[in-house]
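Just below is one structure, and these are the notes that go with it.
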Amino acid sequence: MVLASAASASLTGNVVDDVRQLFVYPFMVTAFRAGTIVAVLAGVIGWFMVLRKQSFAGHTLAVVGFPGAAGATLLGISALYGYFAFCVAAAIGIALLPSARGRGFSEENAITGTISAFFLACGFLFISLYKGFLEGVNSLLFGSFLGITNQQVVVLAVVAAVAVAAMALIGRPLLFASIDGDVAQARGVPVRSLGVAFLILLGLAAAEASQITGSLLVFALLVMPAATAQRITTRPTYGLIATVVIGVLVTWLGLAAAYYSPYPIGFWVTTFAFAAYVVTHVVSYLVPRGLVGRRASLAPSVGASGSASGLPTGVEQ
């Protein structure tokens, strides 16, 4: 019934009617609610992830969501819990890896890649062990707006609220530690603990984003809006707001495009997010050099001396 409704949808040429049609069916209303929640959390976490240069860790946690969902399906429970269980477990594993500074290679990246490969192999093992028809393989990998329940929306909302609240508590010291970890540690900021906490929150965000984009395209919401926003502004507050706004807009556009086309939502969200990123690059080349210089001068300056708030000069807002 739901599949037939989505398949029969077609554009009328009247913008008002086309938008109204998006909210005729309850499953689309639920999808918009879930997508908005996911976009907000992914935006907040994604901005810090890009700033901290931990995109590879985010990619690994996204991939880990696939075996988690497949394993949950094998056990006969909701894939939602598999997403969260595996993503958070992998985040804790990566976070607890010993530091490898000064060894000539990145041990963290090497072990992160190993974890990614191992869990991905587990996912295909779970699929092969599943004796029934695993209808949602494409959805697990590439996302779908069909089948999202009100119960899932509640779970997503609760997890997002907890994660955003945690980010509000650790946001300022985490920003300091992300810009200059050595200076932050010298001033008593618990850099290591903040890194562990952030990776766990990143695991939650990756698990949530997988509900909409699928495990393979989580980067559409975790990386692209944040990367786009950081090209627009270097101010943390404005950057976070811009990231969330961009993420919500590309999610809404992706849902609308997926509703009126046979292609998965993950493709559309990724396409719109990538388009926004390309536009910022084009604009940056067209903006006069004088304005570019002014924008660059707003970048946070990290010096030996900091402000009374514990953050380096230039990142007060």
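Give the order of 285, 83 when sorted by the count of other beta carbons within 10 angstrom, beginning with the fewest.
285, 83
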- Potential lengthening between residue 249 and residue 283 on full extension [0.36 nm per residue; Cα-Cα distance subtracted]: 10.3 nm
- Could you go through region 174-183 in sequence order and give the Karplus-derived ³J(HN,Hα) for each residue, using 6.51 cos²θ - 1.76 cosθ + 1.60 with θ = phi - 60°, rounded to whole Hz, and x for Gly and Pro? 5, 4, 4, 5, 6, 7, 8, x, 5, 5
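Every number here is computed from the coordinates shown, using simple stated rules; none is lab data. All values reported here derive from a predicted model rather than from experimental measurement. Backbone-built Cβ (ideal geometry, glycine too); neighbour counts: all protein chains shown.
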